[in-house]
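The values are calculated or read from the model by the stated rules, or taken from the named source; none is laboratory data. Since this is a predicted model, take the numbers as computed values, not measurements. In this analysis, Cβ positions are derived from the backbone assuming ideal geometry, glycine residues included, and neighbour counts consider all displayed protein chains. Keep in mind that these areas ignore ligands, DNA and RNA; they rest on the heavy atoms of the full protein, side chains included. Shrake-Rupley method; radii C 1.70, N 1.55, O 1.52, S 1.80 Å.
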Amino acid sequence: MSIIISFMLLVCLISCTTARDSSREALQVTIGIGNGNLSKGCNDKHHNLPFKLNCKLPTTPLANEVLKFADQRLALVHPIIQKFKSLITSDPLGITQTWVGSDICSYKGFYCDNPPDNKSAITVASIDFNGFQLSAPSLDGFLDQLPDIALFHANSNNFSGSLSPNIAKLRYLYELDISNNRFSGPFPDAVLNMPGLTFLDIRFNFFTGSVPSQIFTQNLDALFINNNEFMIHLPDNIVNTHIFYLTLANNKFNGPLPRTIFKAFSSLAEVLLLNDQLTGCIPYEIGLLKEAVVFDAGNNQLTGHLPFSLACMENSEQLNFAGNLLFGAVPEVVCELGKLMNLSLSENYFIHVGPMCRILIERGVLDVRNNCIPDLPFQRSVEECANFFAHPRFCPRMWSYNYIPCYHFPSSSSIPEMAPSP
């Protein structure tokens, strides 16, 4: 009888507790029956209790978590970023692990600022993926869908594909760096329709075909397109350019150096043309590059004499014409350039250097190894030099090679005469 009364009191206690429990927390009950203890869980279908335990209902996370963004512009780009994240096939540094939640401005590689059209708004203004080693088949649907982006730097990743023409709609983009990736296809012509672009770096990719001459007249400060597979003659119809840094090296640019290009590029500080397929003679107009600090045309097929007009490049610190087919004498006026730190003329066919140039050789500034200078060490063999000069090479306008456009001498004796070709 006492057992029955105890049982009824227990049922009453459970019912009262259930009525008061608005949060539906699970009630764990351990009941002693007979000589042993029996613990029954909520999911146990085989318990023998004559009442139903009030257990906590199972819960599942919301399929779509409600995110709160600091600005509507951030909310608009969030799905774009997440879609791009889903396309990334390799992330060895774990960069995308930070691309979670609504605080996009804290995502690694993303930087926020106020857009020009609304100083009270917050938006993704720049992206810096340099060195992240991310891999993705394309940037389409990502870069071209960031309406307020001003800077996009993605050097040293493994992005591929081609650039979408829709990037021309990015009205604030002024720096674009996709160098050292795996992009391919033709030159991205969309950049020709981006007047605000001032910095373009597409070097170390696999772009092919021609380079539109219009790119040289864009409002660019820097144009780096070296180490691709472009094949084109350098344009000879450029009238003016704003470019200060130009690298065309390690492509397949061919043909002669156009005379007009030097006047157009007179403000250039750095010109890199090495390892292309340039031919012909060096025009005296090269001396118009009066602001150039670096000029590198090594490892081409340029021939003829070295122009005296190089003496006008008074800011030059590095001049490289190594690995060409140049011959004659090294102009003394070039060796007199006051800021010159390196003058590389090795692997040519020069036959004479004067006293000023010999001083630079002793200082390690001038390199004339593997030429045809009889009294210097480390020169080509007599047979190799004789074979070269057995096939005469002629340049047009030979008078111009003694011409120095930046100043005039009172007498011709002030200009060292170039030794005649054998």
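Keeping the other protein chains in place, figure out the carbon and sulfur percent of the accessible area of segment 118-263, with a 1.4 Å probe.
Of all accessible area on segment 118-263, carbon and sulfur atoms account for 51 percent.
Taking θ = phi - 60°, what integer Hz values does the Karplus form 6.51 cos²θ - 1.76 cosθ + 1.60 yield along segment 113-121, in sequence order, with x for Gly and Pro?
Once θ is set to phi - 60°, the couplings for segment 113-121 become 6, 7, x, x, 8, 7, 5, 9, 8 Hz.
Quote the FRET efficiency, to the nearest 0.05, computed for residue 359 versus residue 386 with a Förster distance R0 of 25 Å and r equal to the Cβ-Cβ distance.
After rounding, the FRET efficiency stands at 0.30.
Give me Rg over Rh for segment 70-208, both radii from the alpha carbons and Rh done the Kirkwood way, two decimal places.
A ratio of 0.94.
Which value in Å does the Kirkwood hydrodynamic radius of segment 198-297 take, with 1/r averaged over all unlike C-alpha pairs and then inverted?
13.3
Using the structure shown, list the pairs from 83/252; 169/290; 108/169 with a Cα-Cα distance above 32 Å, or answer none.
Correct reply: 83/252; 169/290.
Quick check: pseudo-label points 7 Å beyond the Cα along Cα→Cβ at residue 121 and residue 406, how many nm apart are they?
A separation of 4.9 nm, rounded to one decimal place.
Sum up the charges of everything whose Cβ sits under 15 Å from the Cβ of residue 300, counting Lys and Arg as +1 and Asp and Glu as -1, but leave residue 300 out. Could you put the intermediate results ahead of the total?
Numbers: positive: 252, 393; negative: 276, 296, 347.
Surrounding charge for residue 300 is -1.
Could you run the Karplus curve 6.51 cos²θ - 1.76 cosθ + 1.60 with θ = phi - 60° over segment 260-277 and give me ³J(HN,Hα) per residue in whole Hz, x for Gly and Pro?
Residue by residue, segment 260-277 yields 6, 5, 6, 5, 5, 9, 5, 9, 5, 9, 8, 10, 10, 10, 5, 6, 10, 10 Hz.
Could you tell me the accessible area of residue 100 in Å² (1.4 Å probe, neighbours in place), rounded to the nearest ten?
100
Amide H of residue 379 versus every other amide H placed in the peptide plane: which residues, excluding those fewer than 5 positions away on the same chain, fall under 5 Å?
The answer is 370.
Determine the sum of side-chain charges near residue 115: Lys and Arg each +1, Asp and Glu each -1, restricted to other residues whose C-beta is under 9 angstrom from that of residue 115.
Net charge around residue 115: -1.
Over the Cα atoms of segment 129-237, how large are the radius of gyration and the largest Cα-Cα distance (Dmax), in Å?
Spelled out, the Cα radius of gyration and Dmax of segment 129-237 are 13.1, 40 Å.
Let me spell out the model: positive unit charges on the Cβ of Lys and Arg, negative unit charges on the Cβ of Asp and Glu, origin at the Cα centre of segment 283-373. What dipole size does that give, in debye rounded to 20?
Roughly 160 debye for segment 283-373.
How long is the gain from residue 103 to residue 240 if the chain were fully straight, where each residue apart is worth 0.36 nm and the alpha carbon distance is subtracted?
Numbers: separation 137, 0.36 × 137 = 49.32 nm, distance 4.54 nm.
That works out to 44.8 nm of additional length.
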